[in-house]
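In what follows, a single structure is set out as structure tokens and then discussed.
The values are calculated or read from the model by the stated rules, or taken from the named source; none is laboratory data. Source: prediction; values computed, not measured. When we count neighbours, we look across all protein chains shown, and the Cβ atoms used for this are built from the backbone with ideal geometry, even at glycine. Ligands, DNA and RNA are stripped out before the accessible areas are found, and what is left, the full protein with its side chains, is counted by its heavy atoms. Shrake-Rupley method; radii C 1.70, N 1.55, O 1.52, S 1.80 Å.
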Amino acid sequence: MLKQSILIVLALAVAVGGGAASVGMVLNSQEGIGAVSVGPWTAFPDIGTPEADPYSKARVARDGVLALGRAEGLSFIADRDSTGVSLKSECSYRIEGSLPVARFWTLYATDRGHIALKSGIRRDATLHSLEVLRQPDNSISVSVGTRPEPGNWLAVGGVGAMNLVLTFYDTPIASSTGLSGIEMPRIVRVQCNA
């Protein structure tokens, strides 16, 4: 009788623990249900709509973020560079290429807990479309790192894994048909001190 009770408790512990671990893994993943990936960038277009899948709703509830509706905009998150290597705040990167059409966009870095990284200096750790210098072909080139760079520089500080968040506001790509065939900028590692 005791042996059977121990086996039941063990089976329940494995089932509940395994279920909780798998849900946690899915919620922390940038791929999966409802995700749309373009190069290293991933977005969840339905996250602020009634059609959002249960995992997207759980991400919003867990992180306590205000999700953008479909008509408001779309956020893309990159946790890897264009070669598939995880982003680290102690490394420097270059974000280069064309951006989708949007009335306004922002770019900033976060840690894996989605908390914005501080620059460590008297400079905002964000960039937006009204202050960025563009190339002659209207593309962008942004340096990301701890050391100042000429041109567009996104200052980040600290050590450890990081995400880059690129949010487009009032953009046609936020509709379900707008995501087909869009171009997103590449993320190229320049050097790493780690």
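Against the condition buried (at least 17 other Cβ atoms within 10 Å of the Cβ) and at negative phi, how does L130 come out, does it pass?
Answer is no for this residue.
Hey, any hits in region 152-160 for a residue that's at pLDDT 85 or above, open to solvent by less than 80 Å² (accessible area, probe 1.4 Å), over 24 Å from G97 (Cα atoms) and not acidic (D, E)?
yes
Which residues, counting only those in region 1-43, are assigned to a loop (DSSP other than H, G, I, E, B) and modelled with pLDDT under 80?
M1, S29, Q30, E31, G32, I33, G34, A35
Please identify the pairs in which a residue from region 104-116 that is within 14 Å of A78 (Cα to Cα) and open to solvent by 30 Å² or more (accessible area, probe 1.4 Å) has its Cβ atom under 6 Å from the Cβ atom of a residue that is among the small types (G, A, S) and not in a loop (DSSP other than H, G, I, E, B), counting only partners at least 6 apart or on another chain.
Taking only residues 6 or more apart or on different chains, the pairs are Y108/A116; R112/A161.
Need pairs with beta-carbon distance below 6 Å; first residue under 17 Å from N163 (Cβ atoms) and within region 182-194, second among the small types (G, A, S) and open to solvent by 90 Å² or more (accessible area, probe 1.4 Å); sequence gap 6+ or separate chains.
Cβ pairs passing all conditions: none.
Do any residues in region 51-62 that are open to solvent by less than 30 Å² (accessible area, probe 1.4 Å) have Cβ atoms under 6 Å from those of residues that are assigned to a helix (DSSP H, G or I), where the two are at least six apart or on different chains, and which pairs are they?
Hits for this filter: R59/L27.
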